[in-house]
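**Q** Handing you a structure now.
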Amino acid sequence: MIATAYSLGAVAVFVTSAILIIVGALGVIVVKNPVHAAMSLIMTLFGVAVAFVAQSADFLAAVQIIVYAGAIVVLFLFVIMFLGVDRREGVRVEPLVGQRPLAATGVGIVVIGLVALMARSHWVTGAMSVSTKGAPLATGSGNVSQLGTAVFTTYLYAFEATAALLVIAVVGAIVLARREHSLDEESA
Amino acid sequence: MNVPAAWYLVLAAVLFGVGAYGLLTRRSALIMFMCLELMLNAVNLTFVTFSRTLSDIAGQVTVFFVMVVAAAEVTVGLGIVVAIFRRRSTTSVDELSEMKG
């Protein structure tokens, strides 16, 4: 594959997002302090958002920044600081002998297998799926309306189910985080 | 012309591998959740790449739903972490072994 066959801008965007993603991901699994890991996670999430924009998934890139980097990582940071668990875990200790080599071997096999699957087989990049009924995917921000149409017509029931899922998740989180003896304290 | 889809697919595979390695080796439940997010993002990137390659909006719709489920999962998961920390004063998964057979 020769890089000059593609436009320089696209290659530059890809390299930028790749660096952001890989450096951030390595930061998450290497650093000791959970707060720093959360910051590295934000870096990776921004890299993925760049990759989304480069592949004309503008709406998902915006949601990626707002929901992931804005809400989920802030939730992580709240819990980290609420629990005060920063600066505790030592990365150097290895409680299980041979766990890291085994993990590295297994992960290496999976990644090499995925790449080999992409390189050698054509069925994964073959024909259009049967769900493509309308016009082909518009480039740029033009497919936001396509995404909205798909969500509110073909996938309407799944969309309604996510509403129920979110309500259940919120109620569950409140029940889990509630102090169990708060009623006793009030009555006492 | 955009770069070929294989570049993004390989990038997503590497990101998935890094996340899986972190999930297998780290001890803190919080870091394990973050590694889970890395793996989910790798899959999302794959979905978006195939959505572009096959010119099919269904891939992006799937990513949308994955994001919703990930948000719900993090909410409940961190709630469980907080509840465990209240009882045990630790988030290390090695010390939570009461249900060991």
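**Q** May I ask for the angle, rounded to the nearest 10°, between helix B:58-88 and the longest principal axis of chain B, with both axes built from Cα atoms and the value confined to 0 to 90°?
**A** With both axes taken from Cα atoms, the answer is about 10 degrees.
**Q** Based only on other Cβ atoms within 10 Å, what is the fewest-to-most ordering of B:E95, B:E73?
**A** Details: B:E95 12, B:E73 17.
Going from least to most buried by this count: B:E95, B:E73.
**Q** Okay, moving on. Please work out whether the range B:42-101 counts as rounded, prolate or oblate from its C-alpha gyration tensor, where a ≥ b ≥ c are the square roots of the eigenvalues and a/c under 1.5 means rounded, while otherwise a/b larger than b/c means prolate and anything else oblate? Spell out each step's value before the answer.
**A** Details: a/c = 4.69, a/b = 3.01, b/c = 1.56.
Prolate.
**Q** Next question. Mind running the shape call on the range B:5-90? Use the C-alpha gyration tensor, a ≥ b ≥ c as the square roots of the eigenvalues: rounded below 1.5 for a/c, prolate if a/b tops b/c, oblate otherwise. Each step should come with its number before you reach the end.
**A** Values: a/c = 7.05, a/b = 1.87, b/c = 3.77.
Judged from the Cα gyration tensor, the range B:5-90 comes out oblate (a/c at least 1.5, b/c at or above a/b).
None of the figures in this text is laboratory data; all of them are computed from the coordinates on show. Keep in mind the model is a prediction, meaning the values are calculated, not measured. Note that we place each Cβ from the backbone using ideal geometry, even for glycine, and neighbour counts take in every protein chain shown.
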